[in-house]
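The structure appears right after this line, and notes come after that.
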Amino acid sequence: MLLPTVVPLVLAEIACRVFDLGEPQLHSTELPEQRYGIMRHDADLFWSLAPNIKVGVKIKELPNTMVTQTNSLGLRYPEIPAKEPGEYRILSLGESTTFGAYISNPETYSARLEQALDKADQSRRIRVINAGVSAWSSFQSLMYLKLRGLDLQPDMVLFYHEFNDYLPSSLRSSDNTEIGLARTDRELWESSRGFLHQLVQHSTLVRFIVYQSAKSKVKKLRGDNSAKIAANIGLSAIGAAPKVVEDGGEIEVRHGALPRRVSSEERRQNLDDLRKLCVAKGIELIIIHPSYRFTRPHECILTGFCRQHKVTMFEAHDVLHPRNIPIENIFIDTAHPTPDGHQRLADALAPVIQAEVNK
């Protein structure tokens with residue numbers, strides 16, 4: 001009785017394998033750190049920093065070579081020993097600013113902050129462990145904390161996320177396919193743990209159907225709400241996202257119609273999950289409200305969340321937009337601070353954190 005159903009499915013599976021039809025046709029373009037070998041695929045987090053690397057990259061617009069060095073955990077920090085008695089650990093989570101795009105390890109605000117705190121308080125060992133990764137969303141940093149960060153026994157978490165949450169789903173690593181283009185970060189992560197994903201892993205026919213369905217959905221998207229999204233975080237425009245590649249050639253996709261990597265509801269959920277996790281583990285939490293070159297002071301989901309739940313928030317705007325100082329001295333490009341910008345962040349953060357440490 002089952003033969004009329006099973007035989008066609010088996011033949012279809014064989015045909016899909018023979019003609020290699022189970023491969024994705026759409027891909028996001030590479031992130032710069034992928035191109036330089038700084039990033040690797042990560043089954044839990046989409047991508048993360050490669051461990052035990054020392055990579056020098058010369059950016060033509062900058063005078064110095066950027067050197068990225070990671071430890072065995074894939075963090076821009078020296079090897080981390082067992083926690084000493086009395087030691088205070090701060091886990092610095094965030095996007096490319098936290099990672100330190102275009103600058104070397106010692107120039108990041110996390111490294112400068114550790115120096116400032118050590119100088120101010122010599123009665124204990126204070127570490128500021130940089131776990132920032134370029135292009136990460138708040139969801140990725142939240143999952144990193146849940147899956148790996150807690151093992152580092154942090155006493156405090158710094159959290160720096162805004163811009164990437166609002167970018168379209170095309171802004172992911174080159175492992176991103178039409179399936180990811182149709183989903184938010186959280187939806188993509190959850191789908192990779194479901195039953196359908198198991199079928200996709202084992203059946204070329206199922207892969208073919210899933211990829212075709214997702215591709216059709218992406219190409220049918222209409223509209224553009226990017227201007228409204230940018231205004232929500234104090235920007236005049238979000239900026240161009242990487243193009244999507246189809247069979248080796250770039251195609252135009254309506255980036256403004258694609259799902260945001262993190263929806264408004266998911267952003268609130270990420271922040272609340274972070275808060276609850278820190279409370280449950282007895283970890284202090286400081287959320288940094290990021291600021292970019294063209295950011296205007298604004299109220300948003302993050303500021304409202306911190307006010308509602310009485311979470312300590314550090315506003316970065318005035319620090320990164322000082323009066324009477326050319327903006328070129330503070331920002332390398334539209335998003336990333338110069339070493340001087342990182343130093344200003346660290347200097348302003350230090351007393352805020354010191355007050356929390358001394359409570």
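Each Lys and Arg contributes +1 and each Asp and Glu -1, all at the Cβ; summed about the Cα centre of the chain, the dipole is approximately 440 debye. Net length available on complete extension from His202 to Arg268 is 20.2 nm, with 0.36 nm assigned per residue and the Cα-Cα distance removed. Selection among Gln308, Ala101, Phe46 by position relative to the dipole of the chain gives Gln308 as farthest towards the positive end (Cβ unit charges, Cα centre). Extension gain for the segment Ser191 to Asp121, taken as residue separation times 0.36 nm less the Cα-Cα distance, is 20.6 nm to one decimal. Across the alpha-carbon atoms of segment 79-223, the computed radius of gyration and Dmax are 19.7, 63 angstrom.
If you rank His202, His336, His161, His298 by fewest surrounding Cβ atoms within 10 Å, what's the result? Intermediate results must be reported in sequence, preceding the final value.
Details: His202 9, His336 20, His161 29, His298 15.
Lowest to highest Cβ neighbour count: His202, His298, His336, His161.
When the helices of the chain are scored as -39500 (n - 2.57) per DSSP H run of n ≥ 4 and the total is divided over every residue, the value at 222 nm lands at -11000 deg cm²/dmol. Based on Cα contacts under 8 Å between residues 6+ apart, the chain shows a relative contact order of 20 percent.
Computed over segment 76-137, relative contact order equals 51 percent, with contacts defined as Cα pairs under 8 Å that lie 6+ residues apart. Of all DSSP bridge pairs formed entirely within the chain, close to 50 percent run antiparallel. Each Cα pair under 8 Å and six or more residues apart adds its sequence gap; the mean of these over the residue count of segment 37-168 is a relative contact order of 25 percent.
How much length, in nm to one decimal, is gained on full extension between Asp20 and Val352, taken as 0.36 nm per residue of separation minus their Cα-Cα distance? Intermediate values should be presented prior to the final figure.
On the way: separation 332, 0.36 × 332 = 119.52 nm, distance 5.71 nm.
Net length gain for the segment: 113.8 nm.
Pairs Lys276/Lys359; Lys146/Lys215; Lys58/Lys243: which are spaced more than 22 Å apart, C-alpha to C-alpha? Mind dumping the intermediate values first?
On the way: Lys276/Lys359 20 Å; Lys146/Lys215 32 Å; Lys58/Lys243 24 Å.
Violating the 22 Å Cα-Cα cut-off are Lys146/Lys215; Lys58/Lys243.
Relative to its residue count, segment 58-120 spans a Cα convex hull of 101 Å³ per residue. Charge tally for Cys306 (other residues, Cβ to Cβ under 13 Å; Lys, Arg +1; Asp, Glu -1): +1.
Mean 1/r over all different Cα pairs, inverted: what Kirkwood radius does the chain give, in Å?
Working: mean 1/r = 0.0459 Å⁻¹.
Computed over Cα pairs of the chain, the Kirkwood hydrodynamic radius comes out at 21.8 Å.
Could you put Arg183, Arg127 in order, starting from the residue whose Cβ has the fewest other Cβ atoms within 10 Å? If you can, show how the numbers build up before the last one.
Working: Arg183 21, Arg127 24.
Fewest-to-most ranking of Arg183, Arg127: Arg183, Arg127.
Loop exposure criterion: GluC sites (Glu not before Pro), DSSP state outside H, G, I, E and B, at most 13 other Cβ atoms within 10 Å. Applied to the chain, the longest stretch between such sites is 80-251. Simple spin-label estimate for Cys300 and Asn64 gives 2.9 nm between the two label positions (7 Å along the Cα-to-Cβ direction from each Cα).
Within the listed set Asp44, Asp318, Asp20, the Gaussian network model of the chain (springs between alpha-carbon atoms below 10 Å) gives the highest mean-square fluctuation for Asp20.
Within the listed set Ala316, Ala182, Ala15, the residue fluctuating most in the Gaussian network model of the chain (springs between alpha-carbon atoms under 10 angstrom) is Ala15.
At 24 angstrom or more along the helix axis (alpha-carbon based) and mean Kyte-Doolittle of -1.0 or higher, what helices does the chain contain? Whole DSSP H runs only. Intermediate values should be presented prior to the final figure.
Values: long enough: 264-281 (26 Å, -1.29); 339-357 (25 Å, -0.06).
Span-like helices, by this rule, are 339-357.
Ranked for footprinting exposure by Cβ neighbours inside 10 Å, fewest first, Val67, Val244 give Val67, Val244.
What is the magnitude of the charge dipole of segment 25-170 about its Cα centre, with +1 placed on the Cβ of each Lys and Arg, -1 on the Cβ of each Asp and Glu, and no other charges, expressed in debye to the nearest 20?
Values: 15 positive and 17 negative charges, 64 e Å.
Roughly 300 debye, rounded to the nearest 20.
Any read-out appearing in this document is the output of simple, stated calculations on the displayed coordinates, not a laboratory observation. All figures in this text were calculated on a predicted structure; none of them were measured in a lab. Every residue, glycine as well, gets a Cβ built from its backbone with ideal geometry; the counts of neighbours run over all protein chains shown.
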